[in-house]
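Asker: Below you will find the structure I want to go over with you.
The values are calculated or read from the model by the stated rules, or taken from the named source; none is laboratory data. Not measured: the values here are computed from a predicted model. Here the Cβ positions follow ideal geometry from the backbone for every residue, glycine too, while neighbour counts run over all protein chains shown. Note: areas computed on protein heavy atoms with side chains; ligands, DNA, RNA excluded. Shrake-Rupley method; radii C 1.70, N 1.55, O 1.52, S 1.80 Å.
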Amino acid sequence: MSTLNGKIAVVAGGTRGAGRGIAIKLGEAGATVYVTGRSTRQEMSPMQRKETIEDTAKFVTDAGGHGIPIQVDHTEEKQVEGLFNRINKEQNGQLDILINDIWGGDPLTNWEKPFGEHDLQDGLQIQKQAVQSHIITSHYAVPLMKKNNKGLIIEITDGTDNTYRGNLYYSLAKISNIHLAQALAADLKNYRITSVAVTPGFLRSEAMLDLFGVTEENWQEGAKVEKHFIASETPFYIGEAIKHLALDTDVNRFTGSVLSSWQLSEIYNFTDIDGTKPHWGNYFEENVN
């Protein structure tokens with residue numbers, strides 16, 4: 001396939017960051033993309049960020065696809081059920097791609113507090129937002145894919161293995177996302193549904209740019225605040241990775257795998273928007289480990 005024209009995608013958690021980059025890149029290939037999240041132009045989410053699902057949907061359309069914003073709190077089962085009922089009706093039962101990128105855990109994660117001192121309710125809320133929401137979303141998406149005997153489910157995670165990520169609740173959520181992808185791959189192998197987990201490297205998201213007081217134009221200055229930021233990548237890098245997976249007619253060869261933006265850049269030979277090929281895996285081994 002050279003385009004995703006006629007393909008229907010859901011980017012759950014598409015308001016900003018990786019989700020926005022993925023949604024735009026799927027639109028670039030011609031897909032119809034349902035962009036879901038809590039932040040709208042009328043209602044700001046607890047993240048207190050300016051980005052909205054309407055903005056992402058417009059970017060999708062501007063890129064060449066069809067962006068459809070729908071406000072959904074993916075921890076609320078009835079809202080998720082309503083989303084997929086609407087897609088079933090509007091798209092005649094078609095759903096080709098599901099991206100599970102629901103997170104919202106940054107303000108809930110206290111990196112300075114070890115387990116036992118970390119706020120318990122915040123820790124449990126991370127599991128609700130970043131794990132339970134993914135389960136609920138896949139639960140209502142999978143029947144549409146089963147009916148059509150095909151589909152691609154992608155769990156966006158952080159990291160490629162089960163090692164500790166510096167905070168128990170954060171680790172538990174991200175490792176759970178990996179296992180969700182692996183378990184879905186096993187459960188759905190007879191339905192031609194591919195399930196993988198994909199991680200970005202050090203993501204140069206809107207929030208990270210703000211945190212380091214830089215813009216995309218002068219982002220390298222952020223390395224003066226956090227030296228490892230020099231190896232960061234834009235959300236469009238993982239977006240390009242997901243786009244290539246969605247276009248790959250033999251994508252099922254990856255089912256059950258944990259993939260990365262840098263690994264997929266080598267497989268499909270694409271670059272970030274500035275023409276570089278960030279490789280967080282190599283950088284981490286040489287400079288962080």
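Asker: Determine the pairs where a residue that is without any contact (Cβ under 8 Å) to a residue 40 or more places away in the chain, located within region 68-82, has a partner that is among the hydroxyl-bearing types (Ser, Thr, Tyr) and part of a loop (DSSP other than H, G, I, E, B) with Cβ atoms under 7 Å apart, the partner being 6 or more residues away or on another chain.
Answerer: Gln71/Thr40
Asker: Something else now. Which of the residues spanning region 167-195 are crowded, with 24+ Cβ neighbours inside 10 Å and assigned to a strand (DSSP E or B)?
Answerer: Thr194, Ser195 - these are the residues of region 167-195 that are crowded, with 24+ Cβ neighbours inside 10 Å and assigned to a strand (DSSP E or B).
Asker: When you scan region 244-261, do you find a residue that is under 22 Å from Gly104 (Cα atoms), open to solvent by 20 Å² or more (accessible area, probe 1.4 Å) and assigned to a helix (DSSP H, G or I), even just one?
Answerer: no
Asker: Something else now. Got a number for residues in region 65-75 being more than 14 Å from Gly13 (Cβ to Cβ) and open to solvent by 50 Å² or more (accessible area, probe 1.4 Å)?
Answerer: 1
Asker: Next up: Within region 262-277, how many residues are in contact with a helix residue (DSSP H, G or I) (Cβ under 6 Å, 6 or more places away or on another chain) and in a helix (DSSP H, G or I)?
Answerer: Counting residues in region 262-277 that are in contact with a helix residue (DSSP H, G or I) (Cβ under 6 Å, 6 or more places away or on another chain) and in a helix (DSSP H, G or I) gives 3.
Asker: Condition first: of a type in the set (Asp, Glu), assigned to a helix (DSSP H, G or I) and loosely packed, with under 15 Cβ neighbours inside 10 Å. Now tell me which residues in region 220-243 satisfy that.
Answerer: Glu221
Asker: Which numbered condition in (1) within 24 Å of Glu77 (Cα to Cα); (2) touching a helix residue (DSSP H, G or I) at 6+ places or on another chain (Cβ under 6 Å); (3) surrounded by fewer than 17 Cβ atoms within 10 Å (Cβ to Cβ) is the only one that Tyr164 fails?
Answerer: Exception for Tyr164: condition (1).
Asker: Same structure again: Test Gln129 against the criterion of being part of a helix (DSSP H, G or I) and of a type outside the set (Gly, Ala, Ser), and give yes or no.
Answerer: yes
Asker: State the number of residues belonging to region 10-63 that are open to solvent by 50 Å² or more (accessible area, probe 1.4 Å) and either of a type outside the set (D, E, K, R) or farther than 17 Å from Asn100 by Cβ (or both). Let's see the steps before the verdict.
Answerer: Here is the first cut: in region 10-63, the ones open to solvent by 50 Å² or more (accessible area, probe 1.4 Å) are 28, 38, 41-44, 46, 48, 50, 58-59, 61-62.
Those left that are additionally either of a type outside the set (D, E, K, R) or farther than 17 Å from Asn100 by Cβ (or both): 28, 41-44, 46, 48, 50, 58-59, 61-62.
Of the residues in that region, 12 qualify.
Asker: Turning to a different aspect of this structure: Scan region 212-219 and give yes if some residue there is within 23 Å of Asp101 (Cα to Cα) and not in a helix (DSSP H, G or I), otherwise no.
Answerer: Checked region 212-219: at least one residue is within 23 Å of Asp101 (Cα to Cα) and not in a helix (DSSP H, G or I).
Asker: Could you tell me whether any residue of region 118-128 is among the aliphatic types (A, V, I, L, M) and surrounded by fewer than 18 Cβ atoms within 10 Å (Cβ to Cβ)? Steps first, please.
Answerer: At the first step, the residues of region 118-128 found to be among the aliphatic types (A, V, I, L, M) are 120, 124, 126.
After this cut, where a residue has to be surrounded by fewer than 18 Cβ atoms within 10 Å (Cβ to Cβ) as well, the list is 120, 124.
Within region 118-128, one or more residues are among the aliphatic types (A, V, I, L, M) and surrounded by fewer than 18 Cβ atoms within 10 Å (Cβ to Cβ).
Asker: Run Phe212 past the list (1) of a type in the set (A, V, I, L, M, F, W, C); (2) under 18 Å from Thr271 (Cα atoms); (3) open to solvent by 20 Å² or more (accessible area, probe 1.4 Å) and report the number of the one that doesn't hold.
Answerer: (2)
Asker: Oh, and also: Return the pairs, sorted by first residue and then second, in which the second residue is open to solvent by less than 40 Å² (accessible area, probe 1.4 Å) and assigned to a strand (DSSP E or B), the first residue lies in region 198-219 and is over 19 Å from Met47 (Cβ atoms) and among the hydroxyl-bearing types (Ser, Thr, Tyr), the beta carbons are less than 6 Å apart, and the residues are 6+ apart or on different chains.
Answerer: Filtered contacts from region 198-219: Thr199/Ser260.
Asker: So, one more: Which of the following residues is within 17 Å of the chain's Cα centre (by Cα) and modelled with pLDDT of 95 or more: Asp187, Asp158, Asp122?
Answerer: On the way: Asp187 fails: within 17 Å of the chain's Cα centre (by Cα); Asp122 fails: within 17 Å of the chain's Cα centre (by Cα).
When all the criteria are applied, what remains is Asp158.
Asker: Give, as residue ranges, the strands (runs of 3 or more DSSP E) completely inside region 3-119 that count at least 2 residues that are out of contact with any strand residue (DSSP E or B) (no Cβ under 6 Å at 6 or more places or on another chain) and modelled with pLDDT under 95.
Answerer: none
Asker: List the pairs whose first member sits in region 139-156 and is free of Cβ contacts under 8 Å to residues at least 60 places away in the same chain and part of a helix (DSSP H, G or I), whose second member is surrounded by 24 or more Cβ atoms within 10 Å (Cβ to Cβ) and not hydroxyl-bearing (Ser, Thr, Tyr), and whose Cβ atoms are under 7 Å apart, counting only residues at least 6 apart or on separate chains?
Answerer: Met145/Leu95
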